[in-house]
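Below is one structure, written out as structure tokens; the observations come after it.
The values are calculated or read from the model by the stated rules, or taken from the named source; none is laboratory data. Keep in mind it's a predicted model, so treat the numbers as computed, not measured. Here the Cβ positions follow ideal geometry from the backbone for every residue, glycine too, while neighbour counts run over all protein chains shown. The accessibility values were calculated without ligands, DNA or RNA, using every heavy atom of the protein model including side chains. Shrake-Rupley method; radii C 1.70, N 1.55, O 1.52, S 1.80 Å.
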Amino acid sequence: MKLTVITKNLIKGLQSVERIVGKNLNLPILNTILFKTENGRLKLSSTNLEIGINYWIGGKVTEEGEICLPAKVVSDFISNISDEKIDISSKNNILNISTNSYKTQIIGFSPKDFPIIPRIKTNNYIQINSKILKNTLMGVVDATSISESRPELSGVFCMFSANRGIFAATDSFRLAEKQIEINKNIPDISFIIPRSTTLEFIRVLYDLDEDINLIISENQIQITSESFEIISKLIDGRYPDYQKIVPNKFSSSAVFSRGDLEKSIKVSGIFSSSLNDIKIEVDNDRTKLMTKNTDRGELISTVKSELLNNPFSISLNYNYLLDGLKNINSEKVLVGFTGDGGPLVLRPEDKKINYTYLIMPLRN
């Protein structure tokens, strides 16, 4: 293998593939990144057997080849190079790197042991803007369960029908749902993306603003663009009918400045107890937020509000509140009260933004 690449492009590619590489003592090959020339480009590949990533980088290829390199070593070294270009060559499982400032050799591994990363071969796909997909996944992923006791809750539920996509997540304490419009009609399909895969999607898509293809098979999902593809297993299970608990009406509600409410909750959280509890009392044009900690003290803060019905009070986990507020892209937020023991509902006041966030109350 022999080629020349732009340093910043190689750094970006390594950052995209290295995160899923862990420390696997049983299969050391999983601790490596596969460097392979393909159709005049350099392909970087990594996998942990649950998720696989391929990332392509343009370059000047003069000799084809491939080699597996220890992920941490090659990434740590390349990320510290400031020279514009890097010359790369390999022979006998040794990679030679040459720049204006460095000449180094990295001992690699035979690529024949690197696992094959499967690809979904189908002409059926969902085309979606990368920024829309990223923002949608970010809006719901916090509500996924981190426990594996109910595997179906440890992922993001996705359902597509006609020209609409619904993304939802719940850990049984809170629930987030975001709906988006799709440019073309697509067949009805639903699936559950693992939390870890969702976070990888968000990370790789973070700075992109382009159309990508979402490809689904019976037990796998794949997203592809011009420069990368990620493929992952889906969660096998039936997602609960969460829509049954989403209220159609409120017994009372109030409108807040999202920024003001978020700031007051953050300050109040400093004095919250080990339960992360905060009590909210909504009355007329002012709302009280109350927290108490036996070791730190207590706090009562007030924030402006517009009460739309009867006064109400509720105790909640303040971290859950913050998770919901940070994903509401609206200057004002509608807070809906569904009665004692019922969930509190957060929605953007702007009805064009189809986002719903529910939080179950804490018991007094």
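Assorted remarks:
- Test: K249 is open to solvent by 90 Å² or more (accessible area, probe 1.4 Å), in contact with a Ser or Thr (Cβ under 9 Å, 6 or more places away or on another chain), among the basic types (K, R) and over 13 Å from L316 (Cα atoms): yes
- L199 vs. criteria out of contact with any Phe, Trp or Tyr (no Cβ under 7 Å at 6 or more places or on another chain) and not β-branched (V, I, T): yes
- Residues that are outside any helix (DSSP H, G or I) and open to solvent by 60 Å² or more (accessible area, probe 1.4 Å) within region 252-286 comprise I270, S274, L275, K279, E281, D283, N284, D285, R286, listed in sequence order.
- Residues that are in a loop (DSSP other than H, G, I, E, B), open to solvent by 90 Å² or more (accessible area, probe 1.4 Å) and not small (G, A, S) within region 73-124 comprise N80, E84, N92, N100, Y102, I116, R119, K121, N123, N124, listed in sequence order.
- Candidates I117, I126, I53, filtered to the one that is under 20 Å from K23 (Cα atoms), modelled with pLDDT under 95 and under 27 Å from the mean Cα position of the chain (by Cα): I117
- Of residues in region 168-192 being in contact with a helix residue (DSSP H, G or I) (Cβ under 9 Å, 6 or more places away or on another chain) and of a type in the set (S, T, Y), the one modelled with the lowest pLDDT: S172
- Being under 24 Å from D211 (Cβ atoms) and either within 14 Å of the chain's Cα centre (by Cα) or surrounded by 13 or more Cβ atoms within 10 Å (Cβ to Cβ) (or both) is a property that L153 lacks.
- Only one of the numbered conditions (1) acidic (D, E); (2) over 27 Å from the mean Cα position of the chain (by Cα); (3) within 30 Å of L133 (Cβ to Cβ) is not met by E281, and that is (3).
- Across region 236-245, the number of residues qualifying as open to solvent by 30 Å² or more (accessible area, probe 1.4 Å), in a loop (DSSP other than H, G, I, E, B) and in contact (Cβ under 8 Å) with a residue 12 or more places away in the chain comes to 4.
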